[in-house]
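Worksheet: one structure, shown below.
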Amino acid sequence: MNVTDRESDIQTLVNGCLKNDRLSQRQLYDRYASQMFVLCRRYANSDEEAEDMLMEGFMQVFKSLKTFKGDSSFSTWIHSVMVNTAISHYRSIRKFRNEQLPNELDDESLLGVDETITTAMDARIVIDALQRMPETYRTVFNLHALEGYTFAKVGEVLGKKEDSMRVVFLRARKWLRRELGDENG
């Protein structure tokens, strides 16, 4: 199946979903659920929370399908919807949790830390570590390192100052290195 056939197939599924066709909705879900679950796991505290995020995300996908104009690929669009769902989820639960971030990390030792940590590690190990990471660290780390948001954009999304997001990211990276057993972390 070439790219044009896949795009046509996806557009057929999208059109079916817009008509509330349950089979089309199921096929769209089946096509993207596992990939989007991995994304949700990066933001969640547990697999159960990731599943909740995934369900919230797909509800948002089906609700917002009419806004998909095809300016980008569908997989890019659904990825964006899921990231926004994860951010919304983070904001909603942050109100109920007063998370204390570890202070034992020396800010001066955060500079110059290698940014390629996730490329050398098994993805499962990294995702498990991300789930143990303090929530604020995890969210900032995901948005900057994995989604490519600038610190200014992360700050805007989370309602915080850009410089604060840079410090949180550096602490998150330091935390992750230490958690993964990097002696330099």
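Bear in mind that the values in this text are calculations on the coordinates, not laboratory data. In this text, all values refer to a predicted model and were calculated from it rather than measured experimentally. Ideal geometry is used to build each Cβ from the backbone, glycine not excepted, and the neighbour counts take in all protein chains shown.
Values for this structure:
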| quantity | calculated |
| --- | --- |
| Of the GluC sites (Glu not before Pro) in segment 121-185, those whose Cβ has at most 10 other Cβ within 10 Å and which sit in DSSP loop | GLU183 |
| Per-pair calculated FRET efficiency, R0 = 30 Å: GLU156 and ARG132 via Cβ, rounded to 0.05 | 0.65 |
| Sequence-distant lysines (8 or more away, or on other chains) whose Cα lies within less than 30 Å of LYS174 | LYS95, LYS153, LYS160, LYS161 |
| Label-to-label distance, nm, for residues given as ASP47 and LEU18 (7 Å Cα→Cβ offset) | 3.7 |
| Phi-based couplings in Hz for segment 52-64 (Karplus 6.51, -1.76, 1.60; Gly and Pro marked x) | 4, 4, 4, 5, 4, x, 5, 4, 5, 4, 5, 5, 9 |
| Which of LYS153, LYS69, LYS174 has the fewest Cβ neighbours within 10 Å, and the rest in rising order | LYS69, LYS153, LYS174 |
| Ratio of Rg to Rh over segment 3-94 (Cα coordinates, Kirkwood Rh, two decimals) | 0.98 |
| Environment charge at ASP47 (Cβ cut-off 11 Å; Lys +1, Arg +1, Asp -1, Glu -1) | -4 |
